[in-house]
Amino acid sequence: MNEHDFLTLDTMRSAEYLIAALYVLLFIPFWKFVSNSAPRPVMKEAAETEGGWFQVPADIFLDRGHAWMKKASDGIASIGLDEFAHRLIGPVSQVSLPDVGSTVKRGAPALRIQVDGKEFAVLSPVDGRVTAINRQALDNPASLGKDPYGSAWLFRVKPEGPMASFKELLSGEKARKFLDDAFEALLPANQMSGALAQDGGLPASGFAREIDPSGWEALVRSQLTPEERRLDHERTV
């Protein structure tokens with residue numbers, strides 16, 4: 001190999017090093033640009049969000065037994081179970097709904113749900129006659145917690161009785177605060193982390209078992225059929 005060959009080889013290596021250096025210098029700014037412009041998932045903190053633990057749509061009215069009502073323009077009201085209740089109990093294994101044409105009374109059991117072999121009554125938030133039931137809820141009850149205020153409606157009624165009873169339902173900020181207060185009242189400070197979902201922020205599905213593994217059934221009943229709601233119904237019968 002002569003001197004010209006060595007010079008050619010050195011020149012080629014120098015060119016390769018120069019190209020590599022230029023690649024690194026150009027790639028780093030490009031990567032930063034792409035990384036900053038790409039959408040990033042919103043990270044949930046394992047702490048209370050600015051708006052509270054729960055959010056309630058503006059057109060939803062809550063009963064203190066954790067049933068909700070949404071009234072349509074034709075006067076028919078959809079009834080369901082709020083997000084707090086779904087997260088409290090976890091996936092539902094079976095639902096028993098009222099018959100179409102039957103009547104429901106505010107504060108009286110209107111439907112029953114089963115979770116892990118335990119059955120719980122849910123109180124009606126209004127008086128009325130049942131006009132429809134959600135058959136998808138009967139066929140796939142475990143999916144109800146995914147969209148509690150939408151596709152997870154359970155039955156529909158034509159409200160009857162005095163409109164004054166609607167004023168006892170909670171909406172807007174009062175409804176949201178009611179759910180937040182209910183959640184925080186159940187949790188000793190040392191159990192807060194166990195009751196939160198692993199991705200942070202929201203109460204975990206089935207958090208009643210985290211709070212009281214042996215007495216979760218009584219805890220759920222105290223929320224879905226609170227004593228003051230039963231007394232309200234008894235006074236009106």
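FYI, it's all coordinate maths here, none of it is from the lab. Bear in mind that the values here come from a model prediction, so they are computed numbers and not experimental data. Counting neighbours? That spans all protein chains shown, and the Cβs are built from the backbone with ideal geometry, glycine included.
Apply the a/c threshold of 1.5 to the C-alpha gyration tensor of the stretch 136-184 and tell me whether it is rounded, prolate or oblate. Oblate. Placing R0 at 30 angstrom, the Cβ-Cβ distance between V100 and A218 gives a FRET efficiency of 0.35 after rounding to 0.05.
Once R0 is set to 25 Å, what does the formula 1/(1 + (r/R0)^6) return for the Cβ-Cβ distance between A58 and A132, expressed as a FRET efficiency to the nearest 0.05?
Details: r = 23 Å, r/R0 = 0.94.
Once the sixth-power term is evaluated, E becomes 0.60.
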